[in-house]
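A short write-up of the structure that comes next.
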Amino acid sequence: MARGRPFLPAVRLGATLASRGALFWVSAALALLLVLFFGTEALAFSRAGMSDGLLLLPGACSSALVWGVGILIAFSASSRALRRDREEGIVALANARGVGRRYLAGRLAGLAVVIAAVCAGGTALVGLACVLASRRLHVAGAELAATAGAVLYSVVASITLATVAFAALGARSRPGGYLRLVFVLLVPDLVARFLDGVVADSWRELFSIPEALAALRGALLPGSLDPGRFLRALVVVLLVLGVALLFARRELSLASDTREGEAS
């Protein structure tokens, strides 16, 4: 078998596992409500001639979906997932299908795909509504650019959430894992907000994951294109992903050691 072939089955397995459970469908229903809300707002802004407000809707929708829906999916899919997979024989099944070596990568990528399908997909729909609601051609062009930035934000945020969630929750008890995840996501963000007005925005927004992701999107907004800001934010996000991946591997080892200890 070719070396690259087992990865897609591993991703499909990860996506299937990430989309099971009642909380996923609750999250999907919430995403639908948010998309309908922002789509309705696009029509209202268009009728009121508020082109500036219309331009901000794709970004606002992407934030609401990522931090409202995406984080719920990440929580439900990653909580003790690495331990459960061993207990339920999913790791053994992956090994039997020849994708065991890519199990963790497939698990992370599958969750990222599911979150992105909901968040980036919903953002794209709202962006399309904004484009169609635009009354002038140049406004529609700006809406397309804003939508592209918001969709990119959603995709990168989905990958980040999937990796960070597994690093914090994959093999831990729920209370301990939730505390770690809250610490990683909220404490640096609180520090960044505390430094508002003390440190230049170009550096302050690199202190936390939400701020760095927002800078990534903001650097692509029409009229405020900033390649330097985009690259700085991208470097921070890549560093976060690298560290989170190392911790996710550690969680996998922890789950394996715990299972072997129970068996002995």
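Within a Cβ distance under 13 Å of SER51, other residues only, what is the Lys/Arg minus Asp/Glu net charge?
Details: positive: ARG47, ARG135, ARG136; negative: ASP52, GLU143.
For residues surrounding SER51, the net value is +1.
Applying the Karplus parametrisation 6.51 cos²θ - 1.76 cosθ + 1.60 with θ = phi - 60° to the phi angles of segment 33-47, what ³J(HN,Hα) value in whole Hz is obtained for each residue in order, glycine and proline being reported as x?
Calculated HN-Hα couplings, in order: 5, 5, 5, 5, 4, 5, x, 5, 4, 4, 5, 5, 5, 5, 5 Hz.
Can you give the extra length, in nm with one decimal, that the chain gains between THR40 and ARG135 once fully stretched, where that is 0.36 nm per residue apart less the Cα-Cα distance? Can you show the working numbers first?
Details: separation 95, 0.36 × 95 = 34.20 nm, distance 1.59 nm.
Length difference between fully extended and current span is 32.6 nm.
So if R0 is 22 Å, what FRET efficiency would ARG12 and GLU87 give, r being the distance between their Cβ atoms, rounded to the nearest 0.05? Kindly include the intermediate steps, with their values, before the conclusion.
Values: r = 21 Å, r/R0 = 0.97.
So, using R0 = 22 Å, E works out to roughly 0.55.
Give me a comma-separated list of calculated 3J(HN,Hα) values for segment 77-87, in order, Karplus coefficients 6.51, -1.76, 1.60 applied at θ = phi - 60°, integers in Hz, x for any Gly or Pro.
Here the 3J(HN,Hα) series is 7, 9, 4, 6, 5, 5, 6, 4, 4, 6, 5 Hz.
So for segment 95-161, averaging the separation of alpha carbon pairs under 8 Å that are six or more residues apart and normalising by length, what relative contact order in percent results? Spell out each step's value before the answer.
Values: 46 pairs, mean separation 28.3, N = 67.
Contact order relative to length: 42 percent.
Quick note: the coordinates plus some simple rules give every number you see, no bench work behind them. None of these values were measured; they are calculated from a predicted model. Neighbour counts run over all protein chains shown; Cβ positions are idealised from the backbone, glycine included.
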